[in-house]
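The values are calculated or read from the model by the stated rules, or taken from the named source; none is laboratory data. Not measured: the values here are computed from a predicted model. When we count neighbours, we look across all protein chains shown, and the Cβ atoms used for this are built from the backbone with ideal geometry, even at glycine.
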Amino acid sequence: MKVTIVGAGAVGASCAEYVAIKNFASEVVLLDIKEGYAEGKAMDLMQTATLNGFDTKITGSTNDYSKTANSDIAVITSGIPRKPGMTREELIGINAGIVKEVSSNLIKHSPNVTLIVVSNPMDTMTYLVHKTTGLPKNKIIGMGGALDSARFKYRLSEALECPPSDVDGMVIGGHSDTGMVPLTRLATRNSVPVSAFLSEERLNQVSEDTKVGGATLTKLLGTSAWYAPGAAVSGLVQAIACDQKKMFPCSAMLDGEYGLNDICIGVPAILGKDGLEKIVELKLDDAEIAKMKESAEGVKKTNGLLEI
Ligand SMILES: NC(=O)c1ccc[n+]([C@@H]2O[C@H](COP(=O)([O-])OP(=O)(O)OC[C@H]3O[C@@H](n4cnc5c(N)ncnc54)[C@H](O)[C@@H]3O)[C@@H](O)[C@H]2O)c1
């Protein structure tokens, strides 16, 4: 199992670390355009192997895609992150060119690869990869919902004053401050709907805090977060690498599901050896359908900025 991660910055390196620690991949290649950067991160991570007890071989490459040849899975984190006060959508000008070039280079050397797109604005970048690479649609997956759902569960556990492991919940819709749709109606604490413990007002607060989860961290850190994003991507990589058939909300190309067409947006999906193996259609209520529709309109507006 060979995994390539393009972009050895904050999220890429964090993802490499979690993949290595989980010890399911034989090889991880980190690639970055900055001279020596990926090699440095790879060497630093390899020096944690005996400390953290993993056997995954991590190597680095400065923009040499031959080193990524025959990757099973590749993660695209290359591009700029947002600064405080910026939206993800504002990154499109720079990141679209990078994501297009990187995905094409990856496929040249690994024609059977499954791509996981992380660079923002992620739903639009995933759509761009679908439109420009010709890879089958099960092999292009956008990561955003897995992170947003982890942030949702964190906020729910805070409100419930319980450990996060007691909580289950999911965020679908666009990966943006306004487009996320946290499914509070379906969230549970040990199978009990969270509405049994929290008022509607408190649940609305949880939703709003979840939606600006990334912006809150960007304000605190001065740049975009990396631990939870890296861990979330590593979960998707593991589900595919180990054929786990796990369900994550992922940005998937829709063809009528949820009443939407020709758009990549967060919906629950089953991940296994064939990548995105199945989209799960939930029975949403009218309010959730309306939020999903509004979210899709936002994503389509951003897609309209692409030059393809
Ligand atoms: N989808 C999500 O949930 C999610 C979460 C967090 C961050 N992000 C996004 O991920 C991206 C990376 O964030 P970060 O914090 O790691 O940024 P970062 O600046 O720390 O790392 C990005 C890296 O990409 C490299 N890079 C730029 N152009 C490249 C190219 N053409 N080829 C190879 N490498 C190139 C840079 O040299 C840099 O090392 C951003 O767009 C950010 O918004 C997405």
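What the table shows:
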| read-out | value |
| --- | --- |
| Any hit, segment 29-42, residues being within 8 Å of the ligand (Cβ to nearest atom), out of contact with any Ser or Thr (no Cβ under 6 Å at 6 or more places or on another chain) and assigned to a strand (DSSP E or B) | yes |
| Number of positions in segment 143-195 that are closer than 28 Å to L254 by Cβ and assigned to a loop (DSSP other than H, G, I, E, B) | 12 |
| Count of segment 188-210 residues which are closer than 20 Å to E89 by Cβ and touching a helix residue (DSSP H, G or I) at 6+ places or on another chain (Cβ under 8 Å) | 1 |
| Within segment 95-152, tally of residues that are among the β-branched types (V, I, T) and near the ligand (Cβ under 8 Å from one of its atoms) | 4 |
| Boolean, I107 is assigned to a helix (DSSP H, G or I), over 16 Å from the mean Cα position of the chain (by Cα), over 17 Å from L306 (Cβ atoms) and β-branched (V, I, T) | yes |
| Where a residue in segment 52-74 is surrounded by 14 or more Cβ atoms within 10 Å (Cβ to Cβ) and its partner, wherever it lies, is in a loop (DSSP other than H, G, I, E, B), with Cβ under 6 Å and at least six apart | F54/N23; T56/A25; T62/E35; N63/I33; S71/S110; S71/V113; D72/M1; A74/V113 |
| Residue in segment 72-89 that is assigned to a helix (DSSP H, G or I) and within 14 Å of the ligand (Cβ to nearest atom) present | yes |
| Qualifying residue in segment 49-68 (condition: of a type in the set (D, E, K, R), more than 23 Å from the chain's Cα centre (by Cα), within 15 Å of the ligand (Cβ to nearest atom) and within 18 Å of S110 (Cβ to Cβ)) | yes |
| L183 vs. criteria away from the ligand (no atom under 16 Å from the Cβ) and surrounded by fewer than 20 Cβ atoms within 10 Å (Cβ to Cβ) | no |
| Of residues in segment 256-281 being without any contact (Cβ under 8 Å) to a residue 40 or more places away in the chain and charged (D, E, K, R), the one farthest from V171 (Cα to Cα) | K273 |
| Extreme residue, farthest from K57 (Cα to Cα), among residues of segment 10-39 that are surrounded by fewer than 22 Cβ atoms within 10 Å (Cβ to Cβ) and in contact (Cβ under 8 Å) with a residue 60 or more places away in the chain | A10 |
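Results for (1) modelled with pLDDT of 95 or more; (2) more than 23 Å from P164 (Cβ to Cβ); (3) of a type in the set (A, V, I, L, M, F, W, C); (4) loosely packed, with under 14 Cβ neighbours inside 10 Å, shown as yes or no for each residue.
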| residue | (1), (2), (3), (4) |
| --- | --- |
| L217 | yes, no, yes, no |
| A225 | yes, no, yes, no |
| P249 | yes, no, no, no |
| N261 | yes, yes, no, yes |
| K300 | yes, yes, no, no |
